[in-house]
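Trainee: This is the structure I have questions about; it appears just below.
What follows is calculated from the coordinates using simple rules that are stated; it is not laboratory data. Computed from a predicted model, the values in this text were never measured in an experiment. As a convention, Cβ positions derive from the backbone with ideal geometry for all residues, glycine included, and neighbour counts pool all protein chains shown.
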Amino acid sequence: MRQAGRLQELYEAHSKNADFWWIYIQEAHATDGRRPSKTVKIPLHKTIKDRTTAATGCSTASGLTIPVLIDDMKDSASTAYSALPERFFILGADEKVAYAGGRGPRGVDLDALEKRLKELTQKESK
């Protein structure tokens, strides 16, 4: 995750007003996948334990303290939100999508995410 530091800052600034989670989905650039990364050394997940281990390692290496959820081995969350390789969403108090960011890494706009987060938390605190 290229912008982990900025994401961590958003979490620290806004976690009193909003719940945060990141969902670890299938590895986009697994070492034994179609488009392996030269820097990420994570093989395809064969079990939920593999995915959990990878998520924990990724979280630690990125310096994230945001609570992490693990997508199931059917990739239900990834499929439902078209999240591969990464994508950011805000769900409003009504549980509907209040912000859908572009597909990452190029479509990620954390400034737009923060702007929408501020709009929602100000609206809900009134």
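Trainee: Once you have the alpha carbon radius of gyration of the stretch 86-126, what is it after dividing by 2.2 N^0.38 Å, with N set to its residue count?
Mentor: 1.19
Trainee: For labels at residue 80 and residue 49 in the simple 7 Å Cα→Cβ model, what's the distance in nm?
Mentor: Label-label distance for residue 80 and residue 49, simple model: 2.7 nm.
Trainee: Quick one: what do you get for the chain if you divide its Cα Rg by 2.2 N^0.38 Å?
Mentor: 1.09
Trainee: Could you put 51, 106, 116, 6 in order, starting from the residue whose Cβ has the fewest other Cβ atoms within 10 Å?
Mentor: By the 10 Å Cβ count, ascending, the order reads 106, 6, 116, 51.
Trainee: Is there a quick way to get the dipole size of the chain? I mean about its Cα centre, with the Cβ of Lys and Arg at +1 and of Asp and Glu at -1; what is the value in debye to the nearest 20?
Mentor: Charge dipole of the chain: 360 debye, to the nearest 20.
Trainee: Now for a separate question. For residue 49, go through the aspartates and glutamates and keep the ones whose alpha-carbon is under 16 Å away, minus same-chain ones fewer than eight residues off.
Mentor: Within the straight-line limit of under 16 Å, residue 49 reaches these aspartates and glutamates: 27, 71, 72, 75.
Trainee: Additional query: Classify the stretch 70-109: rounded, prolate or oblate, from the alpha-carbon gyration tensor (a ≥ b ≥ c, eigenvalue square roots; a/c under 1.5 rounded; otherwise prolate if a/b is larger than b/c)?
Mentor: oblate
Trainee: Of 16/96; 96/118; 74/118; 74/96, which sit over 25 Å apart, Cα to Cα?
Mentor: 74/118
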